[in-house]
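Notes follow once the structure below has been shown.
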Amino acid sequence: MGLGKTIWATPGEYLAKSDSEAPVLFFAPGVLQATARRFLAGFPGLVTYAVKANPDEEVIQNLAAAGVRGFDVASPAEMALVRRLVPDAALHFNNPVRSRREIAQGVALEVASWSVDSGSEFDKLAEQVPAGCEIAVRFKLPVTGAAYDFGAKFGVEPGPAAALLRRVAATGYRPALTFHPGTQCTDPRAWAAYVHAAAQIATEAGVRLDRLNVGGGFPSHRRAAEAPDLEAIFAVIAQATADAFGAEAPALVCEPGRGLVGEAFSLGAQVKAVRDGDAIFLSDGIYGALAEAPVMGVTDRIEVRGPDGCQRCGAPHLREVFGPTCDSIDRLPGLVPLPADIAEGDHVIFHGMGAYSTVTSTRFNGFGGLILTNVMALTG
């Protein structure tokens, strides 16, 4: 991925002066830092960034500049990246399944917090992780409100979670609980249900929690008419914690990925063809930065700009949209409303594309070579 040397005012200014056919990710550092400050001001605890969402070095550096000092890492490569860029950062290794070598690497890099969701994995941690470190038991509930459920792969039911939490405390570790309400969770009640369940688990275990990790899942802005109310989620988490734990409330930590970085990037994909005036073929698709579309759906925060950078304003027309590869499944789900005057050479700009775009992009069929360029603003 190339890094642009010029900071453009808007995507439109860049497109008017560029003749590249490659898909472009437009990054607005100011938007990222503003979102980080929103979390830091509103969330009632420690804010950590889930590096997996977008591990670009500029992302890490801008989050650190905004005041983020904790990072949720899932692999030794992510740990090393953060240690190099933000040496004093707190590392939380919350992937609950690790090899013994990965555990040793985490210990060497001074991981501050670990998660676990099984007795066998706890045994592996206890072999190497020094006493006094934080170990959080990850549990799951059958709650709704997210785009998809994170409990299918990780997390243990509340009963076994209590037994495991008891073991954590008895072995000399700082006991904590953690959960994930599911990606793009827009219902604050999901967090409330989990917080109250955490209090019940701690009571059953006879353990006072040092900390409660309320996970990620914080939504980004995917639907134009539905901007996420992060402050409402923060308020529900704070109130639920006070109600459930009272005077013994643990410290809180969150690990947003999508909710932090999503809004800071927009994707520009060039129109390669308008086939017989109907179906659209783009320079990027589901093997590229649009990999999440089949699972998450297509955002409706879309605009189309001509080669001169000006916005197309034709009446919306529902169209099939295909990516550039020769694979027939390289197609955005459903029909996408695009201006009737869209033409070959235009760029379709998808907003809110900072999360799970660069990291999931492949080079299938020789496509997927993203250009990264910085802009002052993503609209206008």
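Each reported figure results from applying straightforward, stated rules to the coordinates on display, with no laboratory input. Computed from a predicted model, the values in this text were never measured in an experiment. Cβ coordinates were reconstructed from backbone atoms using ideal geometry, including for glycine residues, and neighbour counts include every protein chain displayed.
Nearest 10 degrees, 0 to 90: what angle lies between the long axis of helix 188-205 and the longest principal axis of the chain (Cα atoms)?
Long axis of 188-205 versus the principal axis of the chain: about 20 degrees.
Cut-off under 18 Å on the C-alpha distance; same-chain residues fewer than 8 positions from residue 153 excluded. Which lysines are left, in chain and number order?
Within the straight-line limit of under 18 Å, residue 153 reaches these lysines: 52, 140.
Amide H to amide H under 5 Å from residue 178: which residues, 5+ apart in sequence or cross-chain, H placed 1.01 Å off N in plane?
137, 138, 139, 213
By how many degrees, between 0 and 90 and to the nearest 10, does the Cα long axis of helix 76-85 differ from the longest principal axis of the chain?
With rounding to tens, the tilt is 80 degrees.
Normalised by the residues of the chain, what does the relative contact order come to in percent, with Cα pairs under 8 Å and at least six apart? Can you show the working numbers first?
Numbers: 865 pairs, mean separation 90.2, N = 380.
Taking the mean separation of contacting Cα pairs over the length of the chain, I get 24 percent.
How large is ³J(HN,Hα), in whole Hz, for each residue of the stretch 226-233 in order, when computed from phi with the Karplus curve 6.51 cos²θ - 1.76 cosθ + 1.60 and θ = phi - 60°, using x for Gly and Pro?
10, 5, x, 9, 4, 4, 5, 5
Just to confirm the filter: which chymotrypsin sites (Phe, Trp or Tyr not before Pro) across the stretch 7-99 are DSSP coil and have at most 11 other Cβ within 10 angstrom of their Cβ?
Those that pass, being in a loop and sparsely packed, number zero.
When only DSSP loop residues count, what trypsin sites (Lys or Arg not before Pro) in the stretch 185-247 have their Cβ near at most 14 other Cβ atoms within 10 Å?
Passing both the DSSP loop test and the Cβ count: 208, 223.
Given Cβ point charges of +1 (Lys, Arg) and -1 (Asp, Glu) and nothing else, what value in debye, to the nearest 20, does the dipole of the chain about its Cα centre take?
Dipole magnitude for the chain comes out near 760 debye.
Arrange the following residues from fewest to most other Cβ atoms within 10 Å of their Cβ: 20, 328, 220.
Exposure proxy ranking, most exposed first: 328, 20, 220.
Report, to the nearest 10°, how far helix 119-128 tilts away from the longest principal axis of the Cα atoms in the chain, using its own Cα long axis and a range of 0 to 90°.
It works out to around 80 degrees.
One-quarter of the Cα convex hull surface for the chain, in nm²?
Details: hull surface 74.4 nm².
The orientation-averaged projected area of the Cα hull of the chain comes to 18.6 nm².
Taking the Cα centre of each part, how many Å lie between the stretch 55-77 and the stretch 82-127?
If you average the Cα positions of each part, the centres end up 16 Å apart.
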